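Data first, discussion second: the structure below is written as structure tokens.
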Amino acid sequence: MTTTKDAIVRLGSEFIRSMGYNAFSYSDISKTLGIKNAAIHYYFPSKGDLGEEIIRRNISAFRQLVAGWGGLTYREQYYNYIHMHDGFVSNHWVCIVGALAPSFDTLPEKMQQKLQELVELILDWLTRLLEAGQQAGEFSFQEPPAIKACMVHSTMLSALQMSKVLGHRVYESIQEGMLNL
């Protein structure tokens with residue numbers, strides 16, 4: 001059973017992914033859920049508190065996701081990473097990092113810290129994956145693994161942004177290109 005708190009977080013996350021953090025208010029959430037603003041403030045006294053919780057849940061979800069990939073080959077894990085946000089394209093969403101990064105300077109400090117934690121978690125995992133896969137002969141690339149991880153991650157962020165403008169075909173084309181390591 002979904003609690004009111006979970007529904008608020010889910011909807012807040014959807015609003016961030018579809019229109020950006022600064023483009024929605026608690027009033028948008030309360031109208032959509034049919035609750036009073038006070039109910040939102042009960043769980044999240046400030047919008048920054050809601051944003052922190054959304055990022056915290058994304059951190060937890062990413063950790064769970066990659067832990068579940070642990071028994072796969074490096075290439076299979078990489079494939080899963082590249083396809084991780086496929087469902088967002090049909091909703092015209094971007095990932096939480098891609099949604100929040102453009103407004104990073106306007107975010108509350110604690111949200112900035114959580115977002116940095118999420119990005120570092122993703123890049124650290126991806127760097128280790130690429131390095132191990134390269135050493136095992138599953139990947140071939142010239143850049144240092146940390147640089148390649150930044151290139152891959154930023155390309156996928158951009159692919160989601162571009163899909164909002166040009167449609168899902170550009171996302172699929174970029175994915176296909178990124179799978180050739």
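Structure summary
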{"quantity": "Count of region 149-160 residues which are out of contact with any Gly (no Cβ under 6 Å at 6 or more places or on another chain) and either in contact (Cβ under 8 Å) with a residue 24 or more places away in the chain or among the small types (Gly, Ala, Ser) (or both)", "calculated": "8"}
{"quantity": "Which listed residue, of 37, 80, 22, is among the polar types (S, T, N, Q), in contact with a helix residue (DSSP H, G or I) (Cβ under 7 Å, 6 or more places away or on another chain) and under 22 Å from residue 157 (Cβ atoms)", "calculated": "22"}
{"quantity": "Residue 46 being among the small types (Gly, Ala, Ser) and under 24 Å from residue 106 (Cβ atoms)", "calculated": "yes"}
{"quantity": "Contacts under 8 angstrom Cβ, first residue in region 76-102 being at positive phi, partner in a helix (DSSP H, G or I) and surrounded by fewer than 21 Cβ atoms within 10 Å (Cβ to Cβ), 6 or more apart", "calculated": "92/18; 92/164"}
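So that you can scan it fast, the table gives a plain yes or no per residue for (1) closer than 13 Å to residue 58 by Cβ; (2) of a type outside the set (A, V, I, L, M):
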residue	(1), (2)
98	yes, yes
113	no, yes
119	yes, no
123	no, no
135	no, yes
138	no, yes
141	no, yes
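Rule-based calculations on the coordinates, nothing more; no lab input. Only a predicted model underlies this, so the values are computations on that prediction, with no experimental measurement involved. Quick reminder, even Gly has a Cβ in these numbers, built from the backbone with ideal geometry, and neighbours come from all protein chains shown.
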